[in-house]
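Q: Can you keep this structure in mind? I'll have questions shortly.
Just so it is clear, none of the values below were taken in a lab; they were calculated from the coordinates. Here the structure is a predicted model, which is why all the values come from computation and not from measurement. Cβ coordinates were reconstructed from backbone atoms using ideal geometry, including for glycine residues, and neighbour counts include every protein chain displayed.
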Amino acid sequence: MKELFRFLASRPLLLVELLLASLLINLLGLASSLYIMQVLSRYVSSGVDATLVTLTAGVVVAVVAEWLLRQLRRHLAGGVIHRPMGRLSAGFFNSLLGVRLLDLLRLSGGERRELINHLATAQKTYTPAAVVTVLDLPFAFLFVGALFLINHLVAVIAAVFLLIVFLITLVHQRRLALPTQQVAQQAARHGSLTASVMTTAESVRVFRGAELMRRRWWEHQVALHRDQVGLTDRQDNVQTLTQGIGTLMGVAVIAAGAKLANMGLMDTSLLVGSNIIASRAMSPVLRFAQIVPQLAKARQGLETLVRFGRLSMEKTEGVVLREFTGRIELQSVGFSWPGAKGSLFESLTVVAESGQLLAVIGSNGTGKTTLLRLLAGVLEPQRGRILVDGYSQEQLDPDWWRQQLLYIPQEPLFMEASLRDNLLTMRPDMDDEELNALVDRTGLRRFVNENTQGLDLVLAEGGHYLSPGIRRRIALARALAADGQLVLMDEPLEGVDAEGRQMFLELMRDLIAAGRTVVAASHDAGMAKVAHQVIDLDSKPVPMVRTTGSLSAKEGQM
């Protein structure tokens, strides 16, 4: 609820208009009660049809006016809520795009999906209807004031019941925090397991993992069901309790009114009208009680989104060099993953000049991919520094630096966009002739011609469904579009056929001949034989760096 108040406070003029509209709506809401009282006291006793017509016409005008004001208020409430929710959505997406990769990798797949669920919950909860419910809440006591004009005892009875329901609702909102958080955590674990089964469907079948996954799914399902039932039971119990109290209020008002009527202090029309007004007073309080569970869930989600927004962001500006020669120097670079027992590597010192091939070799898990990520600037060394033509990499403008890279990751993934758009991200001004030349150069022509959409084929879900060879060719085309000076290749010969292998080797030769600096991570022994320098990450904790010679005619032996 604090969030709704903050949204309202951010638009003070609009808040005044909303409060005025709410006041008029609630005043007009008294019309039906007054109509009934007047009909019972004046028309029934006199039987004058003109009186009935006048009263009916008046209440119809009031009902229509109230309806029009409610439409206006809903529109105004939308003006209050849409802007901050738009900022929240945009801020979350910008955080996803700009958060430091290391911080993002610390989140599990389930936690990342829950972030999206939290945003959806907030958007579903903080609506114009929720704003209207909160605005109507204080006007419940307007109806209590109307009851005071009829009879003090009836008004006091209604006020006591209203306060009881309101206090129960506030206490319930506080007590929902922990169980709501537990359900969210269990849902994240359950969703993560379900998603992993979908992405590893082949392995689950081939390696007979169905029974293990089924057992784990049931464990998560039981825990999630237990927490959800506990939370739902609490919510249902409180809603049943508040509704019961609302019913008891009606009973108490009628009983007190009947006693007063017996004593000659209230007539039938006032008794009926008092009951209607008391019910009208209770209505916004009960509506508020109904949205409290959703508000509690949304608040927890917002807190999680706010914490995510506080993660460290990549910098967006820095030094832009007039020209980059391709010289890269690592000075005593060290890196270790959070929570790991030891470092991937320490005190790594090496210089790579333009026109050279620097091979990075080592077993799986020794840090080859991580080293390339450090060079690409998506991870930062925890010790030492990386120099780019003598400038510290951390001083450089990240966007400029990435324009200097031809980066082919080991597991290429692509943006949810067309093949054309993925190839144009590095050079949006590339014309169709250059684009088609790039397709031909990387051996993608057959793939493009064989699908009906051609370059407009959307690479959904990162393109993981494509064959490894096609993904590598697309990744190569995307990299070459940048025309950068530093080439980073992660296992470039893995998953490609003989034709693709020859194409990559010729490309490496051409890039080096053109004066590019090539850093290739590979477990292929042939790569080390033709490199100018080799970093052996199997040597721990300080990698061995050795000079071997230059790229030569030995490519054919790789």
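Q: Could you give the DSSP H helices of the chain that reach 20 angstrom or more along their long axis (alpha carbon positions) and whose average Kyte-Doolittle hydropathy is no lower than 1.6?
A: Details: long enough: 12-29 (25 Å, 2.15); 49-98 (73 Å, 0.70); 109-125 (24 Å, -0.98); 152-175 (34 Å, 1.87); 177-199 (33 Å, -0.02); 210-262 (74 Å, -0.23); 268-309 (60 Å, 0.50); 468-482 (22 Å, 0.37); 498-513 (22 Å, 0.17).
Answer set is 12-29, 152-175.
Q: Under a point spin-label approximation (7 Å from Cα along Cα-to-Cβ), what is the ARG74-MET263 distance to one decimal in nm?
A: Using points 7 Å along Cα→Cβ, the separation is 4.5 nm.
Q: For region 343-380, list residues with backbone N below 13 Å from a point placed 7 Å from the Cα of LEU387 toward its Cβ?
A: 349-353
Q: Test of understanding: ordering PHE166, PHE345 by Cβ neighbours within 10 Å, fewest first, what list do you get?
A: Fewest to most other Cβ atoms nearby, the residues stand as PHE166, PHE345.
Q: Right, another one. Would you work out which of GLN294, TYR465, HIS75 lies farthest towards the positive end of the dipole of the chain, given +1 charges on the beta-carbon of Lys and Arg and -1 on that of Asp and Glu, about the Cα centre?
A: GLN294
Q: Quick one: Cα centre-to-centre distance for region 116-194 and region 380-397, in angstrom?
A: Each part's Cα centre sits 53 Å from the other's.
Q: Is region 53-192 best put as rounded, prolate or oblate by its Cα gyration tensor, with a ≥ b ≥ c the root eigenvalues, rounded for a/c under 1.5, and otherwise prolate when a/b is larger than b/c, oblate when not?
A: Verdict is oblate for region 53-192.
Q: How large is the convex hull of the Cα atoms of region 328-557 per residue, expressed in Å³ as a whole number?
A: 127 Å³
Q: Order of TRP400, TRP218 from fewest to most other C-beta atoms within 10 Å? Working shown, then result.
A: On the way: TRP400 14, TRP218 11.
With the fewest neighbours first, TRP400, TRP218 line up as TRP218, TRP400.
Q: Here's a follow-up. Taking a cut-off of 15 Å between Cα atoms, list the aspartates and glutamates near LYS540, but don't count ones fewer than 8 places away on the same chain.
A: Leaving aside aspartates and glutamates fewer than 8 places away in the same chain, those within reach of LYS540 are GLU346.
Q: Hey, another quick one. Just want the answer: with Cβ charges of +1 for Lys and Arg and -1 for Asp and Glu, which residue in VAL44, GLY230, LEU358 is farthest toward the dipole's positive end in the chain?
A: VAL44
Q: Follow-up question, since we're still on this one. To the nearest 20 Debye, how big is the dipole of the chain about its Cα centre, given +1 on the beta carbon of each Lys and Arg and -1 on that of each Asp and Glu?
A: Details: 56 positive and 51 negative charges, 412 e Å.
So the magnitude is around 1980 debye.
Q: Just grab the label-to-label distance for ALA525 and ARG216, each label 7 Å out from Cα along the Cβ direction, in nm (one decimal).
A: Output for this residue pair reads 3.6 nm.
Q: Which of the listed residues, THR169, ALA155, ASN26, is farthest toward the dipole's positive end in the chain, when Lys, Arg count +1 and Asp, Glu count -1 at the beta-carbon?
A: ALA155
Q: What ranking of ARG106, ARG287 emerges when the number of other C-beta atoms within 10 Å of each C-beta is taken as an exposure proxy, fewest first?
A: Ascending number of Cβ neighbours within 10 Å: ARG106, ARG287.
Q: Calculate, in nm to one decimal, what SER89 and ASP456 gain on full extension: separation in residues at 0.36 nm each, minus their alpha carbon distance.
A: That pair, SER89 and ASP456, stretches by 129.3 nm at full extension.
Q: Also, I was wondering about something else. Taking Cα atoms of region 337-473, Rg/Rh with Kirkwood Rh, to two decimals?
A: Rg/Rh for region 337-473 comes to 1.01.
Q: Taking the Cβ of VAL132 as the centre, find all other residues whose Cβ is under 10 Å away and add up their charges (Lys, Arg: +1; Asp, Glu: -1).
A: With Lys, Arg at +1 and Asp, Glu at -1, the neighbours total +3.
Q: Tell me, how many Å apart are the Cα centres for region 286-332 and for region 213-249?
A: If you average the Cα positions of each part, the centres end up 33 Å apart.
Q: Further, regarding this structure: Kindly provide the helix-only [θ] at 222 nm of the chain, computed as the sum of -39,500 (n - 2.57) over DSSP H runs of four or more divided by all residues, to the nearest 500 deg cm²/dmol? Write down the numbers at each step before the final one.
A: Numbers: 21 runs with 348 residues, N = 558.
After summing the helix terms and dividing by the residues of the chain, the value is -21000 deg cm²/dmol.
Q: Can you tell me how much longer the chain between ASP497 and MET313 gets when fully stretched, taken as 0.36 nm per residue apart minus their C-alpha distance, in nm with one decimal?
A: Working: separation 184, 0.36 × 184 = 66.24 nm, distance 3.98 nm.
Between ASP497 and MET313, full extension yields an extra 62.3 nm.
Q: Also, I was wondering about something else. With only alpha-carbon atoms counted, please give the Rg and Dmax of the chain, in Å.
A: When restricted to the Cα atoms of the chain, Rg and Dmax are 34.7, 115 Å.
Q: If you don't mind, another one. Hey, got the dipole for region 328-557? About the Cα centre, +1 on K and R Cβ, -1 on D and E Cβ, debye to the nearest 20?
A: 800 debye
Q: So what's region 2-309 giving for Cα Rg divided by 2.2 N^0.38 Å, two decimals?
A: Dividing the Cα radius of gyration by 2.2 N^0.38 Å gives 1.33.
Q: Taking the Cα centre of region 318-439 as origin, work out the dipole magnitude from +1 charges on Lys and Arg Cβ and -1 charges on Asp and Glu Cβ, in debye rounded to 20. Mind showing how you got there, number by number?
A: Details: 10 positive and 17 negative charges, 153 e Å.
Here region 318-439 has a charge dipole of around 740 debye.
Q: Under a point spin-label approximation (7 Å from Cα along Cα-to-Cβ), what is the VAL53-VAL171 distance to one decimal in nm?
A: Going from the VAL53 label point to the VAL171 one covers 5.6 nm.
Q: Further question on the same structure: Does region 84-149 come out rounded, prolate or oblate, given a ≥ b ≥ c as the square roots of the eigenvalues of its C-alpha gyration tensor, rounded meaning a/c under 1.5 and, failing that, prolate meaning a/b above b/c?
A: prolate
Q: If you don't mind, there's one more thing I want to ask. Given the Cα atoms of region 110-178, and with Rh set as the inverse mean 1/r over their pairs in the Kirkwood sense, what is Rg to Rh to two decimals? Walk me through the numbers before you get to the answer.
A: Details: Rg = 18.0 Å, Rh = 14.9 Å.
The Rg/Rh ratio comes out at 1.20.
Q: Cα to Cα, under 28 Å, and not fewer than 8 places away if on the same chain: which lysines meet these conditions relative to LYS315?
A: List returned: LYS368.
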